[in-house]
Amino acid sequence: QVRLVESGGGLVQPGGSLRLSCAASGIIFNIYVMAWYRQAPGKQRDLVATITTGGTINYSDSVKGRFTISRDNAKNTVYLQMNSLKPEDSAVYYCNAARGVTRIWGQGTQVTVSS
């Protein structure tokens, strides 16, 4: 069964940090481009960061310098380290695996940044 399972979300104060994890099963993980998206209430789902099979990384301008995406192919897991969090980072964060026309989504994990 193909699954992406996110974890690590929660409530954090502004300026704090969280580390999200996304564990994949049922796929050959190392041939997929992995990405994190986020969606705030009433807004569209936006791309946050991507990491290719070769390790090339891209970030949205809104998180550049604060977030770090990484992958561990031995553990079939992709991570998102989020530092210096702001209230506007609050959203449901989704993991995505892409290869060709195939797109696989996780169920999402809530991140709330509030004092």
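The values are calculated or read from the model by the stated rules, or taken from the named source; none is laboratory data. In this text, all values refer to a predicted model and were calculated from it rather than measured experimentally. Please note: Cβ atoms are built from the backbone with ideal geometry, for glycine as well, and neighbour counts cover all protein chains shown. Keep in mind that these areas ignore ligands, DNA and RNA; they rest on the heavy atoms of the full protein, side chains included. Shrake-Rupley method; radii C 1.70, N 1.55, O 1.52, S 1.80 Å.
Where nothing but the Cβ of Lys and Arg (+1) and of Asp and Glu (-1) is charged, how large is the charge dipole of the chain around its Cα centre, in debye to the nearest 20? Working shown, then result.
Values: 12 positive and 6 negative charges, 32 e Å.
With Lys and Arg at +1 and Asp and Glu at -1, about 160 debye.
On a 1.4 Å probe surface of the protein chains, which of 104, 31, 69 comes out largest in accessible area, and what is the full order? Intermediate values should be presented prior to the final figure.
Values: 104 25, 31 60, 69 5 Å².
Most to least solvent-accessible, the answer reads 31, 104, 69.
Hey, can you rank 107-114, 96-103, 18-25 by average C-beta count inside 10 Å, highest first? Display every interim value, and only then the final one.
Details: 107-114: 16.1, 96-103: 12.9, 18-25: 19.1.
Top to bottom by mean Cβ count within 10 Å: 18-25, 107-114, 96-103.
Residues of region 12-35 with backbone nitrogen within less than 17 Å of a virtual label 7 Å along the Cα-to-Cβ line of residue 86, please, listed as ranges.
Answer for region 12-35: 12-18.
Just order 85-93, 55-63, 5-13, 32-40 by mean Cβ neighbour count inside 10 Å, highest at the front, would you? If you can, show how the numbers build up before the last one.
Numbers: 85-93: 17.8, 55-63: 13.0, 5-13: 15.2, 32-40: 21.0.
Top to bottom by mean Cβ count within 10 Å: 32-40, 85-93, 5-13, 55-63.
Using 1/(1 + (r/R0)^6) with R0 = 22 angstrom and r between the beta carbons of residue 110 and residue 72, what's the FRET efficiency to the nearest 0.05?
Numbers: r = 23 Å, r/R0 = 1.07.
For R0 = 22 Å, the calculated efficiency reads 0.40.
Between residue 99 and residue 60, with labels modelled 7 Å along Cα→Cβ, what's the label distance in nm to one decimal, could you check?
Once both label points are built, they end up 2.6 nm from each other.
Please list, in order along region 17-32, the HN-Hα scalar couplings obtained from phi with the Karplus expression 6.51 cos²θ - 1.76 cosθ + 1.60 (θ = phi - 60°), rounded to whole Hz, x for Gly and Pro.
Result, ordered by residue: 10, 9, 10, 8, 10, 9, 9, 9, 9, x, 10, 7, 4, 6, 9, 9 Hz.
Please figure out what share of the DSSP beta bridges in the chain is antiparallel and state it in percent, rounded to the nearest 5. Can you show the working numbers first?
Working: 39 of 42 bridges.
Just about 95 percent of them are antiparallel.
With every protein chain kept in place and ligands, DNA and RNA left out, what is the accessible area per residue of region 1-72? Probe 1.4 Å, answer in Å². Walk me through the numbers before you get to the answer.
On the way: 3930 Å² over 72 residues.
About 55 Å² of surface per residue is accessible.
Put a dot 7 Å past each Cα toward the Cβ at residue 11 and residue 31; how far apart are the dots in nm?
Each label point is offset 7 Å from its Cα along the Cβ direction, giving 4.4 nm.
Quick check for me: using +1 on Lys/Arg Cβ and -1 on Asp/Glu Cβ, what's the dipole size of region 57-115 about its Cα centre, in debye to the nearest 20?
Numbers: 7 positive and 4 negative charges, 42 e Å.
It comes to approximately 200 debye.
How large, in percent, is the carbon and sulfur part of the accessible surface of the chain at a probe radius of 1.4 Å? Write out the running numbers ahead of the final one.
Details: 2860 of 6050 Å².
Carbon with sulfur: 47 percent of the solvent-accessible area.
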